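The structure appears right after this line, and notes come after that.
The values are calculated or read from the model by the stated rules, or taken from the named source; none is laboratory data. Note that the coordinates shown come from a computational prediction; the quantities given were computed from them, not determined experimentally. Reconstructed Cβ throughout: ideal geometry from the backbone, glycine too, with neighbour counts over all protein chains shown. Note: areas computed on protein heavy atoms with side chains; ligands, DNA, RNA excluded. Shrake-Rupley method; radii C 1.70, N 1.55, O 1.52, S 1.80 Å.
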Amino acid sequence: MPDNAQQFASDNYSGICPEAWQAMAEANQGHQRAYGDDEWTARAADHFRRLFETDCDVFFAFNGTAANSLALASLCQSYHSVICSETAHVETDECGAPEFFSNGSKLLTTRTEHGKLTPASIREIALKRKDIHFPKPRVVTLTQATEVGTVYRPEEIQAISQTCDELGLNLHMDGARFSNACAFLGCTPAELTWKAGVDVLCFGGTKNGMAVGEAILFFNRDLAEDFDYRCKQAGQLASKMRYLSAPWVGILQEDAWLRYANHANHCAQLLAKLVEDVPGVSLMFPVEANGVFLQMSEPAIAALTARGWRFYTFIGAGGARFMCSWDTEEARVRQLAADIREVMAA
């Protein structure tokens, strides 16, 4: 199998979609003002405001770790804490960046149901201790879609938001695969964010057709005070900002973001359907976004790897994650499914 063959380890493996590539090429004509004071950054921000149907503050960062960490830092003091899922990306895959950028705000993990926080689990952590010796809960962060591929419904977010209001907590959303969640539910971005009570969203572009870049949207604009200074201090203020913002114009202006998310979700559903009758294979979680989590035998996993397939196996013994991308080809999905069937039979 060639090294550049389509793989399923991560949607980060995929290339740049045509719309983002074309927008970067157009932004590459002539000179533009630096540090975000350019027409492309203004256009991208305006596209977000139209898409989300509100006058939010919009910032751009290079990657999701920076977006999440700086957003959470803006919501916390160093003596505060952030409530998150035990599987949340901020907890398992960001190398302590949320704590680092907040000067020490502690992440407090709690149990989940299919990767999703609940009002009860949030309340349990938030009310566990109220003494001065314990970091004061200040923020709840949701991952949409979750790290196990499930999706929060609007009513679930609203219930969590109400709990946050009762407890004096801000609500942040890590939307690395927010596009896939919108596509699965058929909801508008507004319905899944500020209308449901989300204060801040980190909208992922890298996993949905862009080369690099995430957007941070503050629906509660009071929380965005001096956020531009945070970005600068953290090395996230791009001097040639138009190359971060122009791709957003490309994928937002004619809804390519949603079309590609729908395609990735469809490919995940197809893979799940093609292997649902394979003896010894079972779904670990519902397939709601662009990821398929399968329980398989260890020899079968080893055999798939030997055939050149790339996928993650960090879920546990016999667990494998297969991620579909904006450019995943159905023929490639069918080839993978056929190989899964063969190695399980062997």
For segment 223-346 the mean separation of alpha carbon contacts under 8 Å (6+ apart) over residue count, i.e. relative contact order in percent, is 26
With every protein chain left in place, what is the accessible area per residue of the chain in square angstrom, probe 1.4 Å? 43
If the chain between E225 and T118 were fully extended at 0.36 nm per residue, the gain over the current Cα-Cα distance would be 35.6 nm
When the charge dipole of the chain is computed with +1 at the Cβ of Lys and Arg and -1 at the Cβ of Asp and Glu, the Cα pointing farthest to the positive end, of F293, A126, V333, is that of A126
Those trypsin sites (Lys or Arg not before Pro) in segment 74-159 that DSSP places in a loop and that have at most 15 other beta carbons within 10 Å: R111, K128, R129, K130
Bridge type composition, the chain - antiparallel percent by DSSP, nearest 5: 50
Backbone HN-Hα couplings from phi across segment 4-11 [Karplus 6.51/-1.76/1.60, Hz, Gly and Pro as x]: 9, 5, 4, 10, 10, 5, 7, 6
Determine by what factor the alpha-carbon radius of gyration of segment 25-116 differs from 2.2 N^0.38 Å, reporting the quotient. 1.39
What are the extents of the Cα atoms of the chain along their three principal axes, in Å, largest first? 59, 58, 32
Contact order relative to length for segment 250-319, counting C-alpha pairs under 8 Å separated by 6 or more residues, stands in percent at 24
Note the count of lysine pairs whose C-alpha atoms are less than 23 angstrom apart in the chain, limited to pairs 8 or more residues apart or on different chains. 11
Which whole-number percent is the relative contact order of the chain (Cα, under 8 Å, 6+ apart)? 24
Projected-area mean, segment 256-345, by convex hull of Cα positions, square nanometres: 5.4
For the chain, what does -39500 (n - 2.57) per DSSP helix run (n ≥ 4), summed and divided by total residues, give at 222 nm, in deg cm²/dmol to the nearest 500? -12000 deg cm²/dmol
The summed charge of the A234 Cβ neighbourhood (under 15 Å; Lys/Arg +1, Asp/Glu -1) stands at -3
Which three semi-axes in whole Å describe the equivalent ellipsoid of segment 109-252, each the square root of 5 times a Cα gyration tensor eigenvalue, listed largest first? 27, 20, 13
Would you please classify the overall shape of segment 59-171 from the alpha carbon gyration tensor, given that a ≥ b ≥ c denote the square roots of the eigenvalues, rounded means a/c under 1.5, and beyond that prolate means a/b larger than b/c while oblate covers the rest? oblate
